[in-house]
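Input: a single structure, listed below in structure tokens.
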């Protein structure tokens, strides 16, 4: 017998649309598009409500909101995840008229060939590392990991009342943050952010409980609502996807140097890559071809410009999971 549903108890539901849009600057640094259109200048991802009367599809609604808030025209886009946890819109409903409603957001991942100038006055491109400084290992293990995060997480694990709970917490900390010899998995960016949130080491954790931040530890820049969690989800997705699909070329200009491509791959993964191994991987994949043109710059030896050479779907993929520099 199917349970009966009382419509009066379903409550009000609002569907929002969020976009994580990545692009690379001229130096190959991965940037994310943000807006400060919220009250108080909170940093947020482009967002807006889905209007079932005017938006034929979620994606059409998303493109309209991104265009209106930032002046940016979306290119490549794919659905990322649906976010619907209770209280996820705390402390303020990021959507007008959503107060008191359950907010479900459909997140999208968008990629652009360059971080073009923006028309929206409150929109800007910023480096993703300001939100997740512990994820950038290109200059070695970040000091914030050793000096702040590791001791704070070990202390959090030791605070568990039951021995079994302490052991489980300690194991989770080691595996997620690559401690005590455990490997660091760059695809687990979301797991690391959620663990920091659970351990109350990011400001959003206190804010969502209407409490003042601890102040002892402020790790990374805060974002509105659960937008930092959405951004972490997108970063994890991108890091995984570049290993089995040539999606990295959705982030390159028409012509690029191999050095630019390597810097972009490093900025995505958060790790330095071995130059010779990286170029051998490119040769094996066969996704780039030289143009015979040289970049125009002053000083130093100009490098050859390359272009992306698409291959049939059965022809393999460019993976950047090649040996890192130690």
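We did not get these values from a lab; they are worked out from the coordinates using the rules stated. Since the model is a prediction, treat every value here as computed from it, not as a measurement. Because the Cβ atoms are built from the backbone with ideal geometry, glycine has one as well, and the counts that use them run over all protein chains shown.
From the C-alpha gyration tensor of region 128-176, pull out the three semi-axes of the equivalent ellipsoid (sqrt of 5λ each), sorted largest to smallest, in whole Å.
26, 10, 9
First obtain the Kirkwood hydrodynamic radius of region 134-220 from its Cα pairs, then insert it into the Stokes-Einstein equation at 20 °C and 1.002 mPa s, and state the resulting D in µm² per second as a whole number.
For the chosen part, D equals 158 µm²/s.
Two decimals, Cα atoms only, Kirkwood Rh: what is Rg/Rh over region 243-315?
0.96
Quickly rank 41-48, 68-75 as a protection proxy: mean count of other C-beta atoms within 10 Å, highest first.
41-48, 68-75
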